[in-house]
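The values are calculated or read from the model by the stated rules, or taken from the named source; none is laboratory data. Computed from a predicted model, the values in this text were never measured in an experiment. A quick note on method: Cβ atoms are made from the backbone with ideal geometry, for glycine too, and the neighbour counts reach across all protein chains shown. With ligands, DNA and RNA removed, areas are computed over all heavy atoms of the protein, side chains included. Shrake-Rupley method; radii C 1.70, N 1.55, O 1.52, S 1.80 Å.
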Amino acid sequence: MKVTVGLADRSYDVVLANGARHDLAALINERAPRATTAALVTSQGLSEQDWFDLQSGLVQHVVTVPDGEAGKSWESLGALLEQLADLELSRDDIVVGVGGGAVTDLAGFAAAVYLRGIALVNVPTTLVGQVDAAIGGKTAVNLDAGKNLAGAFHQPLGVLCDFETLATLPERERLGGLGEVAKCWLLEGGFAAELAAVSLHDLIVMSVSLKASIVAADEREGGRRALLNYGHTLAHALEKVALARSADELRHGEAVAVGLAFAARLALALGRVDATEVARHDEVLDALGLRRALPARCPTTSILDAMAHDKKAHHDLTFVLAGAEGFEVVRGVEPRVVADVLESFRGEQ
Ligand code: GLY
């Protein structure tokens, strides 16, 4: 199964299959025929997995980076760039990001800036990586002031989503990925009852197809791509509050699930949808086994403060919300309304 991200001469395929990782050499041969060396950027833990048998067909080096959000730092980026230089990668050579969203974000940013940009292939090995992070060209590291605040758009030459790599995924990572899947299912107008007939692989293909079509229409997030941030205004605020305490407290996808349930309630409070839309959201989240309760110790004042200081916000409270015309970006939502809906949402639990 292939989904094409249509970007004129920078178009590329996302291959979705058991064993897709074995297409790596053929992909590089076709898309980067002058490459002689590949840096496979991954984490130590992933490099020890049985499935880590990737063959680029080139002189290849495995370069390990720290795992998880903590690894998406300026320091890790600098160390990675120094390693690419030590390996004498040239402008014709290639970086292959192998891992979850944190690894492919870091590897992609390094590929974007090393020698002012060299070729990149992504092999996402987590659900969140396969349905979101590895596709669409966003790369980044975190700054003290917030997540993903330094980065670049750098599209890969191809993405290989190998379902076999998901077999070893811890349950919490799988559920986290389902938060992004739920986002896509809801954006596509899907209902919970339909989920019974759909496999996880079908859901991955659905999510990738939606993302590919949106990125093809709006690569730089001038408009429609912002819809992919559905559920993320609250999610980013919750992550900021929770992650200030502990790196492991809340996964991105877990926060997105809560953000989706909240966004439906906010749309209802603003008179944009009726209660059936809230029920559709709750039923889809429940069917996917996702928790939609606000996490503990996230007071409304802290959430609003985090939203107000979100460096990527447009200096007012902006949400993607459902409405009569479908989903759209709604700016300037009154903080008092957000606070009231948060309080009544908390009261439901
Ligand atoms: N993760 C949202 C986007 O790639 O635009």
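Numbers below:
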item: For T165, solvent-accessible area (1.4 Å; no DNA, RNA or ligand), Å²; result: 0
item: Prolate/oblate/rounded call for segment 237-294, Cα gyration tensor, a/c under 1.5 rounded; result: oblate
item: Gyration tensor verdict on segment 13-103 (Cα atoms; rounded if a/c is under 1.5, prolate if a/b is larger than b/c, oblate otherwise); result: oblate
item: Charge context of P33, other residues only, Cβ under 13 angstrom, K/R +1, D/E -1; result: -1
item: Accessible-area composition of the chain, carbon plus sulfur, in percent [1.4 Å probe]; result: 52
item: Selected from S207, S11, S47 as most flexible by GNM, with the chain as the system and alpha-carbon contacts under 10 Å; result: S11
item: A152 paired with V113, simple spin-label distance in nm, labels 7 Å along Cα-to-beta-carbon; result: 0.8
item: Spread of Cα-to-Cα distances over 10 Å intervals beginning at zero, given as percent, for segment 48-174; result: 13, 47, 34, 5, 0
item: Rounded, prolate or oblate (a/c below 1.5 giving rounded, otherwise prolate when a/b exceeds b/c) for segment 93-167 by Cα gyration tensor; result: oblate
item: Low-density loop positions, GluC sites (Glu not before Pro), segment 143-216 - DSSP coil, at most 16 other Cβ in 10 Å; result: E188
item: Cα-based Rg and Dmax for segment 198-349, where Dmax is the largest Cα-Cα distance (Å); result: 15.2, 41
item: Over the chain: Rg over Rh, Cα atoms, Kirkwood Rh; result: 0.97
item: Percent RCO, i.e. relative contact order, over the chain, from Cα pairs under 8 Å lying at least 6 residues apart; result: 14
item: Per DSSP, loop GluC sites (Glu not before Pro) in segment 222-328 with at most 13 further Cβ within 10 Å; result: E325
item: Net +/- balance of residues flanking R272 in space, Cβ distance below 15 Å, scoring K and R +1, D and E -1; result: -2
